[in-house]
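Engineer: Got a structure for you, questions after.
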Amino acid sequence: MPAPLLNERDLDFMLYEFLDSESMCARERYRDHNRESFDAAIATAKQVAEKYFLPIRGKVDRNEPRFENGRVEMLPEIKQAVDAATEAGFVSSTADYEVGGMQLPLPVATVANAYLTAAGSTTLGYLSLTTANASLIEAHGTPEQIAKWAVPQRSGRFAGTMAMTEPGAGSGLADLITSAERAEDGSYRITGNKIYISGGDHELNENIVHLVLARVKGAPKGTKGISLFIVPKFLVNDDGSLGEQNDVALAGLFHKMGGRGQTSTSLNFGERGGAVGYLVGEENRGLSYMFHMMNEARIMVGTGAATIALTGFQYSLNYARERPQGRLPSCKDPLSPSVNIIEHADVRRMLLAQKAYAEGAFALCLFGAQLADDQHTAPTEEQRSQAKLLLDFLIPMIKTWPSEYGPQANSLAIQVLGGAGYINEHPVEMFYRDNRLNPIHEGTTGIQSLDLLARKVPMQGMAGYHYCLALMRETVAQAGAVAGLEKQAEQLESAIKRLTDTTETLLAAMADTNIDKVLANSVMYLKLFGHVVVAWLWLKQGLVAHQALAQSQHGDEQNFYRGKLQAMRYFFSVELPHTERWSALLMQGEDSAYAMRDDWF
Amino acid sequence: MKVLVAVKRVVDYNVKVRPKSDGTDVDLNNVKMAINPFCEIAVEEAVRLKEKGVATEIIAVSIGPKVAQEQIRTALALGADRGILVETEEDVQPLGIAKVLKAVVDKEQPQLVIMGKQAIDGDNNQTGQMLAALTGMAQGTFASEVAVDGDSVAVTREIDGGLQTVKLALPAVVTTDLRLNEPRYASLPNIMKAKKKPLDTLTPDELGIDVTPRVKTLKVEPPAERQAGIKVADVAELVEKLKNEAKVI
């Protein structure tokens, strides 16, 4: 039997038991919804995924787009898949009814999208960028800009990109040099080169809307002088029809380790005098508009990483149940039939580790999606601002933890399959390659760790940090009162103590010694915090499972909840203790990397 | 032309069902339910007839508990225009369903009734035939092609020997086989639109129908588990066992 893309029972658990997504229907924005429409949307996503994405997943990976005569050649099936997902409504599932959306709550849309990601994260990439681009224009554009550029993206006529990186400005966006000059008609002329622009050129849609970061002539240096522009591939007339081609040229394609079906382009703006661009909002505020969407974009990266981990886990689990090989160490009879490899404890270890990583990561991302929704739709102003506070604080973890441990889970999936996992007859090697992008884009792990320690922890008098700790302690108290979970409650409590001690030591060191030296260990701090947060969410899952198990009569249901509890136990026994070592290293100011010198290599 | 489509709420085809421990029935506790796959094909066929301009209105009917509204709304999201739920907590059986459908047919006067050839829970393959008999309508069962032409419909049937095409005078009952079409899925906007489409609820009593089960289930149990095989040393032993133990040669 083929492996399921995702474990449907687990997704139901995450949405309706771990989170209480049905309760969101009480909010004004979601009052037309109920569990039935949530499930229907997820079912549609699954069907689109299985019908259009999954059959071409391997082919998309093996047939990279080609650069021919200044244009992109790619598999025609990608267009069918993109069109099918667009027509089914997935570009605008969370958008307002007015722009053709379904007003789905973000956690529900996240689960629906997970099917498309599992069946073809690369193909979905084209749509995700379009969704992000349209959302940004809707948030910061004028009504005319929304009508002209966002609405056609929602309907699938146009695609969208984000054009930030330049050859000399990647993680250091402050140094970007693409320039913009105001023209007489109020529009701008853009000149410069952008690289790694995903979906930067293709013929899947009539037109492509690039959102370009550039510096208006005379603007201040650094990040304070960056503006945001809409720069279309084709100009658009007032009646919505396409005009002449804009001065945007495809300079070439990059060839990637994973995500190979999605074009990564180098674009030249203004080779013939300047590409026409339209300012979004005000001059010099471009980066803040872009960062406005950054939380959502980072949740999306985390979710993608977690989902690829989930699907790799399902694939290797299915394989382990069907592949006979070897006998147990205790079996001395060479004539006995070989056992399915899931009978080997080490294989179960690798499966359990994947389950703990992947489901822990997915829970974290769904929790993030819930907060991202709550910050706009929670009933009271206080709840909305609390949600925003916690989300801003958790974002470095939500982006990074799944991105770091998702590929590790995929690596274990390869290991479960052994030699079969290393060849492209099975998709697990592709999952690994595809997932390996995630610690890099939308802010690398290093950048995220600086964001956490240097910005998010001290932010607003450490308000986000303290709120996060308070919530974790609440769960400790709950679990401490439940027979069977006391041990995990205790472990989490000690881990929180380690975390707070470490934080205080680091903040004090940052204040009175060399900040570069303290921040040299920022990634280790992020790992420490990430593990504590994921342990917390595992304990929350464990609480739900523990209670449900006691009330459950059905054998399959009982097994499901026992599996949840076992993965939680694994995480607490095997993973959480890593925090002891990380904390000790951080407290003693481990400095071998900091003290290492270029010449010594 | 008005088309009536029957949809049944059944256990989702992906679910591995098990008998209850007391053997009275299949265990449906906490089990995912869905529209019967053959009924989905029936809805699809009706929607295609509407898209071709043959059908003008599609009515989706279900008979079952209140939650069967979900399956009607699935049909509405796929393109049916309105729904009728005949609500009953009774374990309705083919004859009862056929009688209820006849009452709805009398009320609505459709030219065409399209339904699945069987439901994947009971696997009876009876309701369509019974409805045709009760209403006196022509029947085209196991359809793999349906072509309406004026006041008749040509139905290509999947039969043991191959395909058979029958021409039926309308009104008629058509039951669907797997190859008739590939059902679409509901787009997200259509899922929301379906919520606004009319859905009436009736009861068997209001229609004057007695749906009390006529067939009694004595026992539900899983098929016997397959026993492990044995290895024989040589052909002689095999022949000996086949002859004396299995007694097949």
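The values are calculated or read from the model by the stated rules, or taken from the named source; none is laboratory data. This one's a predicted model, so the numbers in the text were calculated from it and none came from an experiment. Here the Cβ positions follow ideal geometry from the backbone for every residue, glycine too, while neighbour counts run over all protein chains shown. Accessible surface is based on the protein model in full, side chains and every heavy atom, while ligands, DNA and RNA are left aside. Shrake-Rupley method; radii C 1.70, N 1.55, O 1.52, S 1.80 Å.
Engineer: Mind pulling the angle between the C-alpha long axis of helix A:381-417 and the longest principal axis of chain A? Nearest 10 degrees, somewhere in 0 to 90.
Structural biologist: 70
Engineer: Let me ask another. Run through every distinct alpha carbon pair of segment A:495-544 and return the Kirkwood hydrodynamic radius in angstroms, one decimal place.
Structural biologist: 12.0
Engineer: Compute the accessible area per residue over segment A:8-143, keeping the other protein chains in place, probe 1.4 Å, unit Å².
Structural biologist: In whole numbers, segment A:8-143 has 36 Å² accessible per residue.
Engineer: Beyond a 28 Å Cα-Cα separation, which of these cross-linked pairs lie in this structure: A:LYS79/B:LYS52; A:LYS332/A:LYS355; A:LYS148/B:LYS197; B:LYS50/B:LYS107?
Structural biologist: Checking Cα-Cα distances, A:LYS332/A:LYS355; A:LYS148/B:LYS197 exceed 28 Å.
Engineer: Sticking with this structure for a sec: Express the accessible area of segment A:159-284 per residue in Å², computed with a 1.4 Å probe while the remaining protein chains stay in the model. Mind showing how you got there, number by number?
Structural biologist: Values: 5180 Å² over 126 residues.
I get 41 Å² per residue for this part.
Engineer: Mean residue ellipticity at 222 nm from the helices of chain A, using -39,500 (n - 2.57) per DSSP H segment of n ≥ 4 over the full residue count, to the nearest 500 deg cm²/dmol? Numbers along the way, then the final one.
Structural biologist: Details: 20 runs with 314 residues, N = 601.
The helix contribution divided over chain A gives -17500 deg cm²/dmol.
Engineer: Let me ask something else. Could you estimate the translational diffusion coefficient of the protein assembly as shown from the Stokes-Einstein equation, with Rh from the Kirkwood formula over C-alpha pairs, at 20 °C and 1.002 mPa s, in whole µm²/s? It would help to have the intermediate numbers written out before the result.
Structural biologist: Values: Rh = 30.2 Å.
Roughly 71 µm²/s, to the nearest whole number.
Engineer: Percent of accessible area on chain A owned by carbon and sulfur, 1.4 Å probe?
Structural biologist: Taking all protein chains in place, chain A shows 51 percent carbon and sulfur surface.
Engineer: Also, I was wondering about something else. Could you state, as a whole-number percent, how many of the C-alpha pairs of segment A:159-284 are farther apart than 18 Å? Don't jump to the answer; show the numbers that get you there.
Structural biologist: Values: 3922 of 7875 pairs.
Cα-Cα pairs of segment A:159-284 separated by over 18 Å account for 50 percent.
Engineer: Still on this structure: In degrees, nearest 10, range 0 to 90: what is the angle between the Cα axis of helix A:106-140 and the longest Cα principal axis of chain A?
Structural biologist: 40
Engineer: A further question on this structure: With an 8 Å cut-off on Cα pairs and a minimum separation of 6 or more residues, tell me the relative contact order of segment A:290-593 in percent.
Structural biologist: Reported relative contact order: 19 percent.
Engineer: A:ASN237 to A:SER385: FRET efficiency via 1/(1 + (r/R0)^6), r the Cβ-Cβ distance, R0 51 Å, to the nearest 0.05?
Structural biologist: 0.75
Engineer: Most fluctuating residue of B:GLY23, B:GLY83, B:GLY161 in a GNM of chain B with Cα springs under 10 Å: which is it?
Structural biologist: B:GLY161
Engineer: So how tilted is helix A:578-587 from the main axis of chain A? Cα-based, degrees 0 to 90, rounded to 10.
Structural biologist: Computed tilt is about 60 degrees.
Engineer: For A:LYS148, A:LYS59, write out the residues from largest to smallest accessible area, computed with a 1.4 angstrom probe and no ligands counted.
Structural biologist: If we order A:LYS148, A:LYS59 from most to least accessible, we get A:LYS59, A:LYS148.
Engineer: Once you keep just the Cα pairs under 8 angstrom separated by 6 or more residues, what percentage relative contact order results for chain A? Show your work: numbers first, answer last.
Structural biologist: Details: 1019 pairs, mean separation 69.7, N = 601.
Contact order relative to length: 12 percent.
Engineer: Over all Cα pairs of segment B:2-244, how is the pair count split among 5 Å bins, expressed in % and running from 0 up to the last occupied bin?
Structural biologist: Whole-percent P(r) values from 0 Å outward: 1, 6, 12, 17, 18, 14, 10, 7, 4, 3, 2, 2, 2, 1, 0.
Engineer: Rounded to a whole number, what is D in µm²/s for segment A:379-468 from Stokes-Einstein with the Kirkwood radius over alpha-carbon pairs (20 °C, 1.002 mPa s)? Display every interim value, and only then the final one.
Structural biologist: Working: Rh = 15.1 Å.
Estimated via Stokes-Einstein, D reaches 142 µm²/s.
Engineer: When the distances between all Cα atoms of segment B:168-233 are binned every 5 Å from zero, what whole-number percent does each bin get?
Structural biologist: All Cα pairs, binned at 5 Å, distribute as 3, 7, 6, 7, 11, 16, 16, 11, 8, 5, 4, 3, 2, 1, 0 percent.
Engineer: Let me ask something else about it. On the accessible surface of segment B:110-249, probed at 1.4 Å, how many percent belong to carbon and sulfur atoms?
Structural biologist: In segment B:110-249, the share of accessible area belonging to carbon and sulfur is 51 percent.
Engineer: Separate question: A:LYS221: which lysines have alpha carbons under 23 Å from its alpha carbon, excluding same-chain residues fewer than 8 sequence positions away?
Structural biologist: Within reach: A:LYS194.
Engineer: In addition: Just give the residues from segment A:83-104 buried by at least 20 square angstrom of accessible area in the all-chains context relative to the isolated chain, probe 1.4 Å, and say none if nothing qualifies.
Structural biologist: Listed by number, the residues meeting the 20 Å² cut-off are A:ALA88, A:MET102.
Engineer: Which percent, nearest 5, of DSSP beta bridges in chain A are antiparallel?
Structural biologist: Here the antiparallel bridges make up roughly 80 percent for chain A.
Engineer: Just the projected area, averaged over all directions, of the convex hull on the alpha carbon atoms of segment A:290-593: how many nm²? Intermediate results must be reported in sequence, preceding the final value.
Structural biologist: Values: hull surface 76.5 nm².
The number I arrive at for segment A:290-593 is 19.1 nm².
Engineer: I'm checking a number: the convex hull volume of the Cα atoms of segment B:206-249, normalised per residue, in Å³. What is it? Walk me through the numbers on the way to the answer.
Structural biologist: Details: hull volume 7.0 nm³, N = 44.
Output value, Cα hull per residue: 159 Å³.
Engineer: Moving on to the next point. Put simply, what bits of segment B:159-194 lose 50 Å² or more of accessible area when the other protein chains are there, versus the chain on its own (1.4 Å probe)?
Structural biologist: B:TYR185, B:LEU188, B:ILE191, B:MET192
Engineer: Using square roots of five times the C-alpha gyration tensor eigenvalues, list the equivalent-ellipsoid semi-axes of segment A:499-577 in whole Å, biggest first.
Structural biologist: 39, 10, 7
Engineer: So what is the relative contact order for segment B:60-135, in percent, with contacts set as C-alpha pairs under 8 Å and at least six apart?
Structural biologist: Over segment B:60-135, the number comes to 28 percent.
Engineer: Counting only other chains, and only Cβ atoms inside 10 Å, what mean value do you get across the residues of B:63-73?
Structural biologist: For peptide B:63-73, the averaged partner shielding equals 1.
Engineer: Cut-off under 15 Å on the C-alpha distance; same-chain residues fewer than 8 positions from A:LYS497 excluded. Which aspartates and glutamates are left, in chain and number order?
Structural biologist: A:GLU474, A:GLU580
Engineer: Quick one: buried accessible area between A and B, total over both chains, 1.4 angstrom probe, nearest 100 Å²?
Structural biologist: In total, chains A and B hide about 1800 Å² from solvent.
Engineer: Apply the Debye scattering formula to segment A:8-143, with a single equal point scatterer on each alpha-carbon and no solvent, then give log10 I(q)/I(0) at q = 0.11, 0.17 Å⁻¹.
Structural biologist: The Cα Debye sum returns log10 ratios of -0.45, -0.95.
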